[in-house]
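Below is one structure, written out as structure tokens, with a few remarks after it.
The values are calculated or read from the model by the stated rules, or taken from the named source; none is laboratory data. Quick caveat: nothing in here was measured; it's all calculated off a predicted structure. Note that we place each Cβ from the backbone using ideal geometry, even for glycine, and neighbour counts take in every protein chain shown. Quick note on the areas: whole protein, heavy atoms, side chains included, nothing else; ligands and nucleic acids left out. Shrake-Rupley method; radii C 1.70, N 1.55, O 1.52, S 1.80 Å.
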Amino acid sequence: MEIIKKTKTIEENEIQLIKLQGLANGKNILIIGVFHGEEPQGEFLINKYLKENLLNIKNTLYFIPCLNPDGKSVNKRQNANGIDLNRNFPTENWRRTENPEYFGGTMAGSEIETKFMIDVINTYKFDAILSIHAPFKIVNYDGPAKELAEKISSITGYPVQADIGYPTPGSFGNYAGVERNIPVITLELDENDTNEHLWEINKKVFDYLAFEF
């Protein structure tokens with residue numbers, strides 16, 4: 001396990017990209033936690049998984065435990081600039097919105113966190129991406145990810161839902177999944193579940209990505 005890339009937010013919190021090497025002929029999988037600061041479950045799961053004695057995994061796993069440490073520090077969805085990172089990507093459907101909860105910034109790709117993600121996507125070739133969110137208890141997907149979504153659904157018991165149910169201009173799923181054809185899973189966890197129970201379920205998801213996918 002090694003930290004292969006990092007940056008600092010405007011509040012001097014560190015964002016890390018961690019690599020767990022698999023076999024030379026394995027796939028590359030990215031797992032992201034805490035896009036939204038009030039959804040800390042992904043960081044808990046990632047950090048717990050990284051403490052496992054993971055030897056001889058098939059696929060190389062890349063982890064961003066916490067993409068939005070500034071938002072997490074104050075339990076807010078947005079980053080320190082008040083921007084929803086999951087609406088800040090330079091997609092064809094990006095548009096400025098005045099809704100403060102989903103405010104995507106005055107221009108696309110403006111944020112340190114967004115630029116970090118774009119650089120990661122451009123630098124490494126990923127065969128699949130798992131982004132961990134809450135609270136909807138669904139397996140949402142973008143790009144060519146239906147089969148993977150169905151597999152994760154069979155592990156978690158959460159239903160597959162291709163459409164989240166409302167517009168998401170500038171979302172990461174649009175950027176990486178729809179426009180770059182990378183299978184992207186947005187795993188929406190149950191925010192009322194305990195971290196330990198979420199771990200029991202989602203360790204199997206991580207293991208599937210590490211050893212079987």
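Among the residues here, Tyr208 does not qualify as farther than 16 Å from Asn93 by Cβ, open to solvent by 10 Å² or more (accessible area, probe 1.4 Å) and not in a helix (DSSP H, G or I).
Please tell me if Val178 is open to solvent by 20 Å² or more (accessible area, probe 1.4 Å), under 18 Å from Asn122 (Cα atoms) and among the hydrophobic types (A, V, I, L, M, F, W, C). It is true that Val178 is open to solvent by 20 Å² or more (accessible area, probe 1.4 Å), under 18 Å from Asn122 (Cα atoms) and among the hydrophobic types (A, V, I, L, M, F, W, C). Close Cβ contacts (under 7 Å, 6 or more residues apart or on different chains) running from residues in region 103-126 that are surrounded by 19 or more Cβ atoms within 10 Å (Cβ to Cβ) to residues that are part of a loop (DSSP other than H, G, I, E, B) and of a type in the set (Asp, Glu) comprise Gly104/Asp84; Gly105/Glu111.
Residues are listed down the side, and each one gets a yes or a no for (1) in contact with a His (Cβ under 7 Å, 6 or more places away or on another chain); (2) surrounded by fewer than 19 Cβ atoms within 10 Å (Cβ to Cβ); (3) modelled with pLDDT under 95; (4) farther than 19 Å from Asn202 by Cα:
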residue	(1), (2), (3), (4)
Pro69	no, no, no, yes
Gln78	no, no, no, yes
Phe89	no, no, no, yes
Arg96	no, yes, yes, yes
Val139	no, no, no, no
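Counting the residues of region 1-58 that are over 18 Å from Thr114 (Cβ atoms) and small (Gly, Ala, Ser) gives 3.
Please work out which residue is modelled with the highest pLDDT, limiting yourself to region 164-195 and to residues that are over 25 Å from Asp207 (Cα atoms) and more than 17 Å from the chain's Cα centre (by Cα). Spell out how you get there, then give the answer.
Taking region 164-195 and keeping what is over 25 Å from Asp207 (Cα atoms), we get 164-171, 174-175, 178-180.
Of the ones still in play, those that are also more than 17 Å from the chain's Cα centre (by Cα) are 165-167.
Values: Gly165: 69, Tyr166: 69, Pro167: 72.
Filtering first and then ranking leaves Pro167.
The selection criterion, being of a type outside the set (S, T, N, Q), touching a strand residue (DSSP E or B) at 6+ places or on another chain (Cβ under 7 Å) and more than 18 Å from Tyr62 (Cα to Cα), does not hold for Val120.
Within region 130-164, being free of Cβ contacts under 8 Å to residues at least 24 places away in the same chain and within 19 Å of Thr91 (Cα to Cα) holds for Ala162, Asp163.
Kindly establish whether Thr168 is in a loop (DSSP other than H, G, I, E, B), open to solvent by 10 Å² or more (accessible area, probe 1.4 Å) and within 18 Å of Ile132 (Cβ to Cβ).
Working: in a loop (DSSP other than H, G, I, E, B): yes; open to solvent by 10 Å² or more (accessible area, probe 1.4 Å): yes; within 18 Å of Ile132 (Cβ to Cβ): yes.
So Thr168 fits the description; yes.
Residue count for region 14-55, restricted to those that are polar (S, T, N, Q), out of contact with any strand residue (DSSP E or B) (no Cβ under 6 Å at 6 or more places or on another chain) and under 26 Å from Thr194 (Cβ atoms): 3. Consider region 46-67 and keep the residues that are of a type in the set (A, V, I, L, M) and more than 12 Å from the chain's Cα centre (by Cα). The one that is modelled with the highest pLDDT is Leu61.
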